[in-house]
Amino acid sequence: MNKPTRHWYRRPIRCFALTAGACLTVSLFTGCGGSSTPAPAPAQQQTQAPAAQATPQVAQTTPTQSQPKPAPAEKEGRKMIDGIPYDVWFDNPLAVAGDNQSVQPVALPGTNVAANSTTPAPAGEMKAAPTQASAGGSGGPDWKTIIPMPILEAQVKDIRNRLTKNMQSVGTYNTSYLELPTFTATLAALAEIANEHPDDIGWKKNAKYLRDLSAKFTAEPLTRGAKSYRALQIPYEQMIVIMNGSAPAGLPESDDKKPIAEVASMGDLMKRADISYKWLKSNVGSADALKAEKEKVIEEAHLLAAISKIITLEGYGYVDDKGFLGYANPMQEACLKMVEAAKNDNFPEFDQGMSRVYKSCTECHSEYKE
């Protein structure tokens, strides 16, 4: 008599019968999302038989020896053995049980895999949960992780101090106007991040105005001279009032939210990222230097991570470009690892992160020449 054809869902079920009338449970699975402990050895495994049925002894000499199955009975057009669907029986249950290979659970009729697979996977098989939402995800970027609000505030204060120095007079403006767009574009991006950030800051309710005022510095190419300087004086003074926590009078209405790409060009953000990288490379070349500059290192690494995330957002043209994302996303991850390395005074880990940032930048620029 030919051996019955195995059905497609037999293989994932990691259980076997030690007795002919044993009831097999189909809700236990081994593998990803399954039991957190490996299947016990065949000699230790036991399945409880139904109380109303006899349990004749089954002779077994080796794990690979096949056992005869009772003749199947028909019930409502389906083969049954002692009330158990014929399909769930194995030709050699002990051999199947001895196979410890991890498999994915497969949904059987009338079962719910999601409900039955709540036991954590073994430690070696667990995957870390993502720390941030992907670009375009329903929750948006995880700005709290990428750039915590105290770090964002420190970066904004640094830009404010720079502007205060550069906008003192026409003379100071003339000596710095070429670098202003790099920092005002960064300020515009940080203002929008603050607008979306889950944490608060004193000027958050006016962040949208700070964002748009900062963008005025890059709306038109800056030039030397009093005319260009005077055109920026009013927005600069309004920006200072906002960063002090107040709302200046006469501000034009601004959108509550706006894509960062509309207020900060990628070129200006890349220049700011380059400044951070060069500072880290020049000033943090040893374990002692990492300890001495820990606070500044953490700030610059977080800013690099934020810029790495910003350029993957909608508006810059790379949100669906897997090649570009293959450079930007690892760079962001490397920057956050640098942050942790700095907190733990782990210079080798920090140095590895720097190497990964360099690799991402050079490989990306060789392919995307912009």
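Quick notes on this one:
- Using a probe of 1.4 Å on the protein chains alone, the accessible area found for S282 is around 100 Å².
- The stretch 143-260 shape via C-alpha gyration tensor axes, a/c threshold 1.5: prolate
- Listed values for the stretch 198-212 are Karplus-derived 3J(HN,Hα) couplings in whole Hz (6.51 cos²θ - 1.76 cosθ + 1.60, θ = phi - 60°), namely x, 8, 9, 8, x, 9, 4, 5, 10, 4, 5, 6, 4, 4, 6, and x replaces Gly and Pro.
- 14 Å beta-carbon shell around T164, net charge (K/R +1, D/E -1): +2
- Positive dipole terminus of the stretch 266-368, leading residue within L313, H365, G285 (C-beta point charges): G285
- In nm, spacing of pseudo-spin labels at E262 and D320 (7 Å Cα→C-beta vector): 2.1 nm
- Cβ-based net charge around K144, under 11 Å, with every Lys or Arg adding one and every Asp or Glu removing one: -3
- For K144, a cut-off of 16 angstrom between C-alpha atoms picks up these lysines, skipping any fewer than 8 places away in its own chain: K204, K309, K337.
- Mean Cβ neighbour count within 10 Å, used as a protection proxy, ranking 244-255, 335-346, 298-309 highest first: 298-309, 335-346, 244-255
- Residue list for the stretch 209-236, given a label point 7 angstrom along the Cα-to-Cβ vector of L178 and an amide N cut-off under 16 Å: 221-225
- Pairwise centroid distance, computed over Cα atoms, of the stretch 139-157 with the stretch 261-338, Å: 13 Å
- P(r) histogram, all alpha-carbon pairs of the stretch 266-368 included - 5 Å bins from 0, percent: 2, 14, 26, 26, 16, 9, 6, 2, 0
- Taking every protein chain into account, the accessible area of the stretch 143-260 amounts to 46 square angstrom per residue (probe 1.4 Å).
- Förster radius 45 Å - calculated FRET efficiency between E340 and A219, Cβ distance, rounded to 0.05: 0.70
The values are calculated or read from the model by the stated rules, or taken from the named source; none is laboratory data. Just so we're clear, the structure is a prediction, and the values are computed from it rather than from any experiment. Neighbour counts are summed over all protein chains in view; Cβ atoms, including those assigned to glycine, are modelled from backbone coordinates with ideal geometry. Note: accessible area is taken over every heavy atom of the protein model, side chains too, but ligands, DNA and RNA are not part of it. Shrake-Rupley method; radii C 1.70, N 1.55, O 1.52, S 1.80 Å.
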